[in-house]
Amino acid sequence: GGDRDNMHVAVQMDFRNQPDVWRRVVGKGTWVQPESAAADPSTLYGFFDWVATACPAYRYVLMFWGHSRGPFGLFTDRFSSLIGSQFAEEDLQSYVAQTLTLRELRVALRNARECLQQNVDIIVFKDCFMSTLETAYELKDSATYLIASPDIVPIPGWPYAEMFKPLSTKKEAKDAAFAIVTALHNHYSEKKNLYGLEEVHYSLLDTSALTNVSEPLGAVAKRLSEDEDLRKTLSTVTRGDAALADVGSLCKKLRETPEPAQDAEALEK
């Protein structure tokens, strides 16, 4: 999809059954093997250095594809969750977790900004649980728009042709981001693409809006920390992972209580 003469697609893959990381510009050359682990931040640094030379562009979109546990990091192979157990067969005694933390991702993207001499316009995550405030805060200085899911994402593929077309036709990054998330919405509106899940949500986050979230979020968190009964509300607003609270559902619950209602309304807005 898209304008092949005016758009590059650079790929970096770390296969579990092969050594090394593989890189290639699609349609323009053979695979190269420069590094050893996708979860090593230096591997991302090298990728951005390489892309800046191999694929110079006016606008950049970065897509991540792999396992994730949201705030706990990207690229982990072994999870105790339902989605990971079938893909993790290593010996527990010798297993070493390979995880790219959100902080490491933030540092890597700052390196990308230096290499590319600009921010990444859009980051898209084909990873579970990445649509969180933690992710947005860590990446707010490195990317303008984030497209991610707050829940489990099926492993099978995406409608890449429909996602790539707007990248070469939309002049503004915001318009391209809306088109990408719309393509994902349409994709997951079809039952065959859900692979047994009831629904798959995707959201578009504008990191410039985070300044309005800090104060009401802090006020709500303070109230929750001081009131045990209110804190129990958290256990009723999780979906997919007990460690992640759905902010919209939390605000709705808190608006039903007298004292923190104003803060909850501000956070929801």
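The values are calculated or read from the model by the stated rules, or taken from the named source; none is laboratory data. The structure displayed is predicted, hence computed values, not measured ones. Don't worry about glycine lacking a Cβ; one is built from the backbone with ideal geometry, like all the others, and counts go over all protein chains shown. Just the protein is used for accessible areas: all its heavy atoms, side chains included, with ligands, DNA and RNA removed. Shrake-Rupley method; radii C 1.70, N 1.55, O 1.52, S 1.80 Å.
Quick grid of which residues meet (1) open to solvent by 30 Å² or more (accessible area, probe 1.4 Å); (2) without any contact (Cβ under 8 Å) to a residue 60 or more places away in the chain; (3) within 14 Å of the chain's Cα centre (by Cα):
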| position | (1), (2), (3) |
| --- | --- |
| Ser142 | no, yes, yes |
| Ile147 | no, yes, yes |
| Val153 | no, yes, yes |
| Trp158 | no, yes, no |
| Ala161 | yes, no, no |
| Phe164 | yes, no, no |
| Thr169 | yes, no, no |
| Ala173 | no, no, no |
| Phe178 | yes, yes, no |
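In the range 206-269, counting only helices (runs of 4 or more DSSP H) that sit wholly within it, the ones holding 3 or more residues that are surrounded by 12 or more Cβ atoms within 10 Å (Cβ to Cβ) span 214-226, 247-254, 261-268.
Put simply, of Asn186, Asn193 the only residue that is among the polar types (S, T, N, Q), modelled with pLDDT of 90 or more and open to solvent by less than 30 Å² (accessible area, probe 1.4 Å) is Asn193.
Residues in the range 46-98 that are of a type in the set (A, V, I, L, M, F, W, C), at pLDDT 80 or above and assigned to a helix (DSSP H, G or I): Phe47, Phe48, Trp50, Val51, Ala52, Ala54. Total residues in the range 11-45 satisfying the condition of being at pLDDT 80 or above and open to solvent by 80 Å² or more (accessible area, probe 1.4 Å): the figure is 2.
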